[in-house]
1. Taking Kirkwood radius over Cα pairs in Å as the quantity of interest, determine which of [x] 17.9; [y] 26.0; [z] 17.1 was computed from the displayed structure.
2. With the crude spin-label approximation of a point 7 Å out along Cα→Cβ, what separation in nm comes out for Lys118 versus Lys143?
3. Quickly estimate the mean residue ellipticity at 222 nm for the chain, helices only: each DSSP H run with n ≥ 4 gives -39500 (n - 2.57), and the total goes over all residues, rounded to 500.
4. Work out how much length Asn28 to Glu202 would gain on full extension: take 0.36 nm times their residue separation and subtract the Cα-Cα distance, in nm to one decimal.
5. Please report, in debye to the nearest 20, how large the charge dipole of the chain is about its Cα centre when each Lys and Arg carries +1 at its beta carbon and each Asp and Glu carries -1 there.
6. Would you check the stretch 28-76 for Lys pairs whose C-alpha atoms are within less than 28 Å, ignoring same-chain pairs closer than 8 in sequence, and give me the count?
7. Only Cα pairs within less than 10 Å get springs; with that Gaussian network setup on the chain, which residue of Ser141, Ser154, Ser95 has the largest fluctuation?
8. Please report Met16, Met112 as a ranked list, fewest other C-beta atoms within 10 angstrom at the top and most at the bottom.
Amino acid sequence: MADFSIEVIESNLSRMKIPILTLDERYNVVMPDKDKTPQIRRLEAKLNGLLKKQGKVTNNIKEVKKIKARLLQEVVDNMEEDGNDAERQKKMDRSQKLIQEAKQKLEELEDMELELPKEIREANQALLLEFVQVCYARLHSNKEDIELLNRWISEMRVELKKKLVIKQEKEIKNGNIYTYMHDLLGPELIQMFDDADEAKKE
């Protein structure tokens, strides 16, 4: 018999290319906002937070690279500049310090950039596992409701057939009664009775 432990499922999931659920249109159709459990909401918030962080890190890397390039250009400009050696050296030292800070910040951001896809994948997988459990609970609940509705529909069909038989029997009886009275009394007298009966109803 196959082993269906969470570890085995997670191992299989890690080899699959699962879309980011909160960005997947079909996920949002199957799991509308009104159906979300508190745990689903928490896991979605964590995943969305990581996605925002990834976007911010990418933008920060671009910004720091621009700053670093500008600082390097300032160093080159200072080297070519004539003037007081002490002041030029001071500017160079300041630029060098800022370049080192930018380089360090860039390394931190690039490390984060490398780590974030793993964190996003893990958060997405955690959301997926919770989503599947919620979906199975709903499938079972819906199945029970469907069975109850099927029983009710079957009972109503039987009841409807009975009522149709009663209706047909009454229509046949009415037809027989009217035909016999028509034959017995003739059309003129029956018309008089029909008119009198209609007058009673008004």
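1. Recomputing Kirkwood radius over Cα pairs in Å here gives the entry labelled [y].
2. Taking the two extended label points, one gets 3.9 nm.
3. Numbers: 4 runs with 175 residues, N = 202.
Helix-only estimate at 222 nm: -32000 deg cm²/dmol.
4. Numbers: separation 174, 0.36 × 174 = 62.64 nm, distance 6.06 nm.
Stretched out fully, the Asn28 to Glu202 stretch lengthens by 56.6 nm.
5. Values: 37 positive and 41 negative charges, 98 e Å.
Value, rounded to 20: 460 debye.
6. For the stretch 28-76, the number of qualifying lysine pairs is 20.
7. Of Ser141, Ser154, Ser95, the Gaussian network model singles out Ser154 as fluctuating most.
8. Ordered from fewest to most neighbouring Cβ atoms within 10 Å, Met16, Met112 come out as Met16, Met112.
Every number in this text was worked out from the coordinates using simple rules, so none of it is lab data. Computed from a prediction, not measured in an experiment: that's the story for all the values here. Counting neighbours? That spans all protein chains shown, and the Cβs are built from the backbone with ideal geometry, glycine included.
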